[in-house]
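Below is one structure, written out as structure tokens; comments come after it.
The values are calculated or read from the model by the stated rules, or taken from the named source; none is laboratory data. Everything numeric here is computed off the predicted structure, so don't read it as measured data. A quick note on method: Cβ atoms are made from the backbone with ideal geometry, for glycine too, and the neighbour counts reach across all protein chains shown. For accessibility, only protein heavy atoms count, side chains too; no ligands or nucleic acids. Shrake-Rupley method; radii C 1.70, N 1.55, O 1.52, S 1.80 Å.
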Amino acid sequence: MNDIINNYINEALSNQWEFKGPVPDDIYETDYPWAPVEFYDDFDAMHKECLANDHLFVGHRQKDRHHSYNHDGWAAITLHGINPTATENYEQYGFNSVEDANYHWTEVCDLFPNTVRFIKSLGYGTYERVRIMKLAPHGYIMPHTDGQGRIFGPVNIAINNPEGCGFYFKEWGKVPFKQGTGCILDIGNEHCVVNNSPEARYHIIIHGYDSHAFYDYVTKQLKEKYE
């Protein structure tokens, strides 16, 4: 692991943020860097699906650079989008909108039945990009943001999260992921991910709309836990 990543983690840990109440009725009214939520499903079965289809994952954002470095071991597969190997936003493939790109459940969904069933159970009215993200053993995602300003909405759910694997916000510290934990993240904040373990890390990332049932579930759980 290079010095940039080590220094980044040390700085992040010196700024550790802790989630605490009171929790508002609308979590979008907050400045939370993340909002955690626990799921209770068969994540071991989802993990087995990832391992069985690991050969189908493709490199993600391989052209990114941070100083002289780029990501190492970052890969993905798309369950809902343009096609299984189109893992970036539609603009990267010459489309002007989601409608133009014709996002749909892709043919690999049949290989991930437990994962897809779980995702569809979350109550989104409209799904945009839905992917499984892989970070290879001893891989890392270099510090980056996913756009300008506050981007609080995509949910990241840990199918597994090996010991030694961490997601770090530069100004907010380490996000408390474990298997079955999801977090709504502000990905407009700079962040990096490190997998300092001998096994691959798999997380689901969901972009979607009309998700009132899902966010009501998140808010209810947060209020029960923190108030």
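Values as computed for the structure displayed
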| item | result |
| --- | --- |
| Gaussian network model of the chain, springs between alpha carbon atoms under 10 Å - residue of GLY180, GLY21, GLY166 with greatest fluctuation | GLY21 |
| Approximate spin-label separation LYS225-ASP25, in nm, with each point projected 7 Å along Cα-to-Cβ | 2.3 |
| Probe 1.4 Å - accessible area at ASP25, Å² to nearest ten | 130 |
| Other-chain or far-sequence residues with amide H under 5 Å of ILE151's (modelled H) | ILE187, GLY188, ASN189 |
| Shape of the chain, Cα gyration tensor, a/c cut at 1.5 | rounded |
| Accessible-area ranking of LEU51, LEU56, largest first, probe 1.4 Å | LEU51, LEU56 |
| Apportionment of accessible area to carbon and sulfur, the chain, percent (1.4 Å) | 46 |
| Relative packing of peptides 203-210, 78-85 - highest average C-beta neighbours within 10 Å first | 78-85, 203-210 |
| For the chain, built as a Gaussian network whose Cα springs stay under 10 Å, the top-fluctuating residue of PRO22, PRO113, PRO36 | PRO22 |
| Difference of contour (0.36 nm per residue) and Cα-Cα distance, ASP110 to GLN148 | 10.1 nm |
| 5 angstrom amide H check on CYS165, placed H, neighbours 5+ away | ASN196 |
| Cα-Cα over 29 Å, subset of LYS174/LYS223; LYS134/LYS223; LYS48/LYS174; LYS170/LYS223; LYS170/LYS225 | LYS134/LYS223 |
| About the Cα centre, charge dipole magnitude for the chain (Lys/Arg +1, Asp/Glu -1 at Cβ), debye | 360 |
| Karplus-derived HN-Hα couplings along segment 110-119 (A = 6.51, B = -1.76, C = 1.60, θ = phi - 60°), whole Hz, x at Gly and Pro | 4, 8, 10, x, 5, 5, 5, 4, 4, 4 |
| Net length gained if the chain between PHE95 and ASN83 were fully extended (0.36 nm per residue, minus Cα distance) | 3.0 nm |
| Candidates PHE118, PHE95, PHE169, ranked by Gaussian network fluctuation over the chain, Cα under 10 Å, top entry | PHE95 |
